[in-house]
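Heads up, the thing below is written out as structure tokens.
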Amino acid sequence: MAARRALKAVLVDLSGTLHVEDSAVPGAQEALKRLRGAPVTIRFVTNTTKECKKDLLERLTKLGFDIAEHEIFTSLTAARNLLEQKQVRPLLLVDEKALPDFTGIATDDPNAVVIGLAPEHFHYEMMNKAFRLILDGAPLIAIHKARYFKKKNGLALGPGPFVAGLEYATDIKATVVGKPEKTFFLEALRGTSCAPEEAVMIGDDCRDDVGGAQNAGMRGILVRTGKYVMNWSFHEALVSPIILSWVLAAHMPKAKLCTEPLESKELLL
């Protein structure tokens, strides 16, 4: 078997991996500091649609994370890029705090439907409005289709079930722009001068983080934080992921992955 290429880039998930709402994951700040000591490019990738990038950065800074805005790539950015490419006027089913990332996008007389995590919009009248637009030919764009996410008081429904409901009712397949789509991971690597084979993804979601990264040609590390549930994990990944604590995950690029191929069977905990 051909040896893996040296590791040059690390993609890190945010919600559930570095923080859960307004609380940092225990040990995450120190783990990130150690990761900064490795000779790799770091990018932070997230499917969050609950807030714009500016607010997200402020939240992370207050929690003690040293992160620059240019290091963050969000599914909201990917959605905006697609809207500009298609030149459509969306019905935006997103949280109000996410709207600044769509500044300048025309939304009058919508001819497209964009759906993220927006509990206040997931009621009959609004979903029926989206349903009718799609029946009239509007494309359905899902910022992501996560089935659930972690809140302080437990797991909560993500936008995926609501996207699936519109797909079922209209018999139309949504275009997904966030994780686990291959294009999302490749866009996140843009500007790093790194090939997918030279990158690893660290996250708490076996399907969207690890499985998506593997499908894009990257390696994947699943951390035991956030939405991680042991009994749900292995059948969701393309191959068995490496499962680590955040502390061990942060050590790996510096200690081993930069020079040696990654063998999940050696490091599975």
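Observations, loosely collected:
- Span from the the range 110-152 Cα centroid across to the the range 1-60 one, whole angstrom: 27 Å
- Candidate cross-link partners of residue 62 among the lysines, defined by an alpha-carbon separation under 22 Å and a same-chain spacing of 8 or more, comprise 33, 50, 53, 54, 97, 150, 151, 152.
- Of the residues 123, 137, 155, the one whose Cα sits farthest towards the positive end of the charge dipole of the range 88-176 is 155 (charges of +1 on Lys and Arg Cβ, -1 on Asp and Glu Cβ, taken about the Cα centre).
- For the range 1-115: rounded, prolate or oblate by the Cα gyration tensor [a/c cutoff 1.5]: oblate
- Rg over Rh for the range 131-200 works out to 1.11, using Cα positions for both radii and the Kirkwood form for Rh.
- Whichever lysines have a C-alpha closer than 19 Å to that of residue 129, once near sequence neighbours (fewer than 8 apart) are set aside: 173
- Assigned charges on the beta-carbon of Lys, Arg, Asp, Glu; the range 25-96 dipole about Cα centre (debye): 160 debye
- Shape category assigned to the range 83-187 from the gyration tensor of Cα positions, a/c cut at 1.5: rounded
- Charge tally in the Cβ shell below 11 Å around residue 20, where Lys, Arg are +1 and Asp, Glu are -1, residue 20 excluded: +1
- Whole-percent carbon and sulfur share, accessible surface of the range 83-141, 1.4 Å: 49 percent
- HN-Hα J in Hz across the range 136-151 - Karplus 6.51, -1.76, 1.60, θ = phi - 60°, x for Gly and Pro: 7, x, 5, x, 9, 10, 9, 5, 6, 10, 4, 7, 7, 8, 9, 10
- Summing Cβ point charges (Lys, Arg +1; Asp, Glu -1) relative to the Cα centre of the range 65-158 gives a dipole of roughly 480 debye.
The values are calculated or read from the model by the stated rules, or taken from the named source; none is laboratory data. The shown structure was predicted, so the numbers you read here are calculated from the model rather than taken from an experiment. Glycine gets a Cβ as well: all are built from the backbone with ideal geometry, and neighbour counts include every protein chain shown. Heads up: the accessible areas ignore ligands, DNA and RNA and are worked out on the full protein's heavy atoms, side chains in. Shrake-Rupley method; radii C 1.70, N 1.55, O 1.52, S 1.80 Å.
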